[in-house]
Amino acid sequence: MTFLHASEMRGGYGSGADILHGCTLTVQKGEIAVIVGPNGAGKSTAMKAVFGMLNLREGHVHLGGEDITQLSPQERVYKGMGFVPQTHNIFPTMTVRENLEMGAFIRNDDIEETIEQVYELFPAVKDKRNQNAGELSGGQRQQVAVGRALMTQPKLLMLDEPTAGVSPIVMDELFDRIIEVARTGISILMVEQNARQALEIADKGYVLVQGANAYTDTGAALLANPEVRRTFLGG
Amino acid sequence: MDILNALVAFANFVLIPATAYGAQLALGALGVTLIYGVLRFSNFAHGETMSFGAMVVVLVTALFQSWGISLGPLPTALLALPFGIAVTALLLLTTDRVVYKFYRKVKAAPVMLVIVSTGVMFVMNGVVRMVVGTEDRRFADGARFLVNARDFKAWSGLDEGLAIKTTQVITVVVALITVAALFWFLNKTRTGKSMRAFSDNEDLALLSGINPERVVTITWLLVAALATIAGALYGLDKSFKPFIYQQLLLPVFAAAIVGGIGNPLGAIAGGFVIAFSEVTLTYAFKKVITYLSPDSWSPDGLVQLLSTDYKFAVSFAILIIVLLFKPTGLFKGQSI
């Protein structure tokens, strides 16, 4: 059964023009789904639509079989969605540990175990736990941002270009960590600029063009598809 | 050459008054900086909020005195403080619901809120004048001096007397307790951390499930406490004169901005920087220099760099210098 099913989404920001023209995204449990495509294709917009950050004029979003189309982003967090924005995704003047605590703000139970899990997943986060998050390097910040989103124990983790502006080595490491997160049964929906590397770790890839699905296949199949390679992956 | 007498004179006329004044400014600036950090506007009504809080303290103190309640050597006003805070909190929360909430809902630009707060300032100013009038009131009771100039002279055998007013000591002690409690709240409690998170990154705070209206309410409560304490301490130390607080708005804002607006540590540092510059530049150093130099070198003039009438100019000069060279303030605050 499909865990996230966002079907035929149509909409844009505010009362502006439509950016999405019938975009469909599905993610299975524990699966990594990657959205790639040219600049301005509506990749981030599609993810924000799934998270409820723009009004859909058509289409539905189902999470775990429940229709959540009408819910606000905050309400979707309670339903099990975690979102890591592309920028401004940490609390810069708070310590790394406080960032994690704030991530778990909606929980009333003991969060120590989850904090330990995040520390285990990202040893760098543990090392810097008493440092202000704003003082960390780009890659470490992203780890804190992902860790913060994991604190609500989400069932679906959404990442908006998690590797933007980090070095290739850091990117590989971040992708390894994301695979580890997926192995724990968390579904991952990710928008990526580094299409080739992202598709390599993807169970499912979506190529968006002008707000609509152009190609949908497994990551490996998309990488092998000559048409996709020629148009989007630079040969 | 008489270094000891010079030191005592310096402490008596610069060090001690400036420390007390600095603590009062720091508490005022903390309120300004909290509002700026959480509600994201410069609250021009803060001086009047201090005035209102001090007024309630004055009235409750008078009531207690008429009932014969006192704290012995300490001023009765300390007992009245909690009541002043409670009434001021009520005023601020009402103002928020009636005025500011609307502008938050329509996402008004910060500059608009500044103008709105100026309107609130005039209303509060009118309320205070209607309730207690404009005249000067002294409401400090209890022991006037902790260290008396005559006793100090007799004890030390120096020519120069040292006087420490009870209100100066109380100002510093109460300010220390208030600041310690505020920092404990902001850094150790879940609610305090959620306030900092909201100030740091509003969107991410919302995503994390932090309720913005609750953060706003708690901020006003803290501001009510800080403003009332700052206003009452200033009134105790000098006297309660409603229009003085409108003038106090200038050094308070200068302190917040110099320290780095939005940064509580900066507000405290800024308060002392402004207070010490103001007092040092307007103090006549003739006496201190006379003690330090050989007899014949005694200066003819007062060696006062600026007349006390110009003390507000000092805040502005420092403000401009700091903003020119370090736009985010001495400590890293938000740029404005």
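If you consider only alpha-carbon coordinates, what radius of gyration and Dmax does region B:1-45 have, in Å?
17.2, 55
Summing +1 for each Lys or Arg and -1 for each Asp or Glu, what net charge is found among the other residues whose Cβ lies under 11 Å from the Cβ of B:T95?
Computed value for this residue: 0.
Lysines within cross-link reach of B:K193: Cα-Cα under 22 Å, excluding same-chain residues under 8 positions apart?
A:K126, A:K128, B:K332
If I take R0 = 22 Å and measure r between the Cβ atoms of B:K332 and B:T189 in this structure, what FRET efficiency does the formula 1/(1 + (r/R0)^6) give, to the nearest 0.05?
Values: r = 23 Å, r/R0 = 1.06.
About 0.40, to the nearest 0.05.
Take every residue in peptide A:83-94, count the Cβ atoms of other chains within 10 Å of its Cβ, and give the average of those counts.
Partner Cβ neighbours, averaged per residue: 4.
Which of the lysines could a cross-linker span from A:K43 if the Cα-Cα distance has to be under 18 Å and same-chain partners fewer than 8 positions apart are dropped?
Of all the lysines, those that pass the test against A:K43 - Cα under 18 Å, at least 8 places apart if same chain - are A:K204.
Between region A:68-107 and region B:232-282, how many Å separate their Cα centres?
38
As a footprinting exposure proxy, order A:R229, B:R137 by other Cβ within 10 Å, with the fewest listed first.
With the fewest neighbours first, A:R229, B:R137 line up as A:R229, B:R137.
Within 10 Å of each Cβ in peptide B:196-205, how many partner chain Cβ atoms are there on average? Round it to a whole number, please. All intermediate terms of the calculation are to be shown ahead of the outcome.
Working: counts 5, 9, 2, 3, 12, 11, 1, 5, 13, 3.
Other-chain Cβ atoms within 10 Å of each residue's Cβ, averaged: 6.
Compute the signed sum of charges (Lys and Arg +1, Asp and Glu -1) over the other residues within less than 9 Å, Cβ to Cβ, of A:A182.
Around A:A182, the charge tally is -2.
Rank B:A225, B:A163, B:A18 by mean-square fluctuation in a GNM of chain B with C-alpha springs under 10 angstrom and give only the top-ranked residue.
B:A163
Taking the number of other C-beta atoms within 10 Å as the exposure measure, put B:T290, B:T219 in order starting with the fewest.
If I rank by nearby Cβ atoms, fewest first, I get B:T290, B:T219.
Post the alpha-carbon centroid distance, region B:24-78 to region B:114-140, in whole angstrom.
If you average the Cα positions of each part, the centres end up 13 Å apart.
Could you state the per residue volume, in Å³, of the convex hull enclosing the Cα atoms of chain A?
Details: hull volume 27.9 nm³, N = 235.
So the per-residue hull volume is 119 Å³.
Can you give the relative contact order of chain B as a percent, counting alpha carbon pairs under 8 Å and 6+ residues apart?
32
Could you please rank B:L113, B:L265, placing first whichever residue has the fewest other Cβ atoms within 10 Å of its Cβ? Please report the intermediate quantities before stating the final value.
Numbers: B:L113 22, B:L265 17.
Arranged by neighbour count, lowest to highest, B:L113, B:L265 become B:L265, B:L113.
Can you tell me the equivalent ellipsoid semi-axes for region A:130-195? Use √(5λ) from the Cα gyration tensor, largest first, whole Å. Don't skip to the end; give the middle numbers.
Values: eigenvalues 69, 50, 20 Å².
Rounded to whole Å, the semi-axes are 19, 16, 10.
Note down the net charge around B:I3, summing +1 for each Lys or Arg and -1 for each Asp or Glu among other residues with Cβ under 14 Å from its Cβ.
-2
Past 30 Å, Cα to Cα: identify those pairs from B:K238/B:K326; B:K107/B:K241; A:K48/B:K107; A:K48/B:K188, in the order given.
B:K238/B:K326; B:K107/B:K241; A:K48/B:K188
Along region B:44-61, what does the Karplus equation 6.51 cos²θ - 1.76 cosθ + 1.60 (θ = phi - 60°) give for ³J(HN,Hα), rounded to whole Hz, x for Gly and Pro?
Here the 3J(HN,Hα) series is 6, 7, 5, x, 5, 4, 4, 4, 4, x, 5, 4, 4, 4, 4, 5, 5, 4 Hz.
Given only helices, namely DSSP H runs of n ≥ 4 each adding -39500 (n - 2.57), what is the per-residue ellipticity at 222 nm of chain B, to the nearest 500 deg cm²/dmol?
The per-residue figure over chain B is -23000 deg cm²/dmol.
When Cβ neighbours within 10 Å are restricted to other protein chains, what is their mean count per residue of peptide B:181-190?
Partner-chain Cβ atoms within 10 Å, mean over residues of B:181-190: 1.
Under 16 Å Cα to Cα from B:K105, which aspartates and glutamates show up? Leave out anything in the same chain fewer than 8 places away.
Of all the aspartates and glutamates, those that pass the test against B:K105 - Cα under 16 Å, at least 8 places apart if same chain - are B:D96, B:E202, B:D203, B:E213.
On the Cα set of the protein assembly as shown, report Rg and Dmax in Å, please.
30.2, 99
Using only the Cα atoms of chain B, what do you get for the radius of gyration and for Dmax, in Å?
Values for chain B (Cα only, Rg and Dmax): 21.2, 73 Å.
Helix-only estimate, please: 222 nm mean residue ellipticity of chain A, summing -39500 (n - 2.57) across DSSP H runs of length 4 or more and dividing by its residues, to the nearest 500.
Only helices count here, giving -10500 deg cm²/dmol.
Please check: in the Gaussian network model of chain A (C-alpha springs, under 10 Å), which one of A:T87, A:T24, A:T218 has the largest mean-square fluctuation.
Evaluated over chain A, the most mobile residue of the options is A:T87.
Need one number: convex hull volume per residue for region A:86-144, Cα atoms only, in Å³.
Hull volume over Cα atoms, normalised by residue count, gives 79 Å³.
Quick check: residue separation of A:D67 and A:S137 times 0.36 nm, minus the Cα distance between them. What number comes out in nm?
On the way: separation 70, 0.36 × 70 = 25.20 nm, distance 3.90 nm.
21.3 nm is the gain from fully extending A:D67 to A:S137.
List the residues whose amide H sits under 5 Å from the amide H of A:V209, counting only those 5 or more places along or on another chain, with H placed 1.01 Å from N in the peptide plane.
Those lying under 5 Å, H to H, from A:V209 are A:A214.
Hey, what does the equivalent ellipsoid look like for region B:294-336, semi-axes from the Cα gyration tensor as sqrt of 5 times each eigenvalue, largest first, whole Å?
Ellipsoid semi-axes (Å, largest first): 35, 13, 7.
All of the numbers you see were taken from the coordinates with simple rules; none came from a lab. Computed from a predicted structure; not experimentally measured. Neighbour counts are summed over all protein chains in view; Cβ atoms, including those assigned to glycine, are modelled from backbone coordinates with ideal geometry.
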